[in-house]
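Report on one structure; see the data block that follows.
The values are calculated or read from the model by the stated rules, or taken from the named source; none is laboratory data. Given the structure is predicted, the values throughout are model-derived calculations rather than measurements. Here the Cβ positions follow ideal geometry from the backbone for every residue, glycine too, while neighbour counts run over all protein chains shown.
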Amino acid sequence: MSVALPDAEALVAELVRQLAPRVTAETGMVGIVTGGVWLAERLHRELGLALPLGALDISFYRDDYASSGLHASVKPSQIPFEVDGRHILLVDDVLYTGRTVRGALNEIFDYGRPASVSLVVLADRGGRELPICAQHVGATLTVPARAKVVLSRSDGGVLTLQLERDA
């Protein structure tokens, strides 16, 4: 597979540019484990958000949970701020079918009723199975159907997008 992927660090900078005018001291940010949290940590720091960062592990909210079972790496979700009435930025690394985002929205609403939720993704690869779209996108990608776009993070915190053959 020889598809050129954009530089993830440049995409982070693009997202900061998009988000900076719309964040306030009251904006909440929540990342989806794992890649979404990595991206959210960077955005949260670079945007200087006042509220602590939240993290969601949506394993229990997946629509395939019954067939895939519990994974050993499930961590508790944490939203360390009041959700009710708040504008929330929901952050994920790669938007594909929309099922992960649907699970994350279900979990956010278990914490309360936000004023709004905006989806922020590093990359949108298309292929939606649900009517979900991101309001803030670093890049829109065209990749082969049997490929997976994966975000990795180096020990130094540098983010990289890679293409892997889907099993």
Given the conditions (1) at pLDDT 95 or above; (2) under 30 Å from Val3 (Cα atoms); (3) among the polar types (S, T, N, Q), and given that Thr142 satisfies all but one, which numbered condition is not satisfied? (1)
The range 13-24, residues that are in contact with a Leu (Cβ under 8 Å, 6 or more places away or on another chain) and either within 21 Å of Gly112 (Cα to Cα) or surrounded by fewer than 19 Cβ atoms within 10 Å (Cβ to Cβ) (or both): Val16, Ala20, Val23
Lone qualifier among Leu15, Leu49 - being more than 26 Å from Pro144 (Cα to Cα), modelled with pLDDT of 95 or more and out of contact with any Phe, Trp or Tyr (no Cβ under 8 Å at 6 or more places or on another chain): Leu49
Cβ-Cβ under 7 Å, sequence separation 6+ or interchain: first residue in the range 12-31 and among the aromatic types (Phe, Trp, Tyr), partner in a helix (DSSP H, G or I) and surrounded by 14 or more Cβ atoms within 10 Å (Cβ to Cβ). Which pairs? none
Asp64 being surrounded by 19 or more Cβ atoms within 10 Å (Cβ to Cβ), at pLDDT below 95 and among the charged types (D, E, K, R): no
Could you check how many residues of the range 93-119 are more than 14 Å from Asp57 (Cα to Cα) and either in a strand (DSSP E or B) or among the β-branched types (Val, Ile, Thr) (or both)? 7
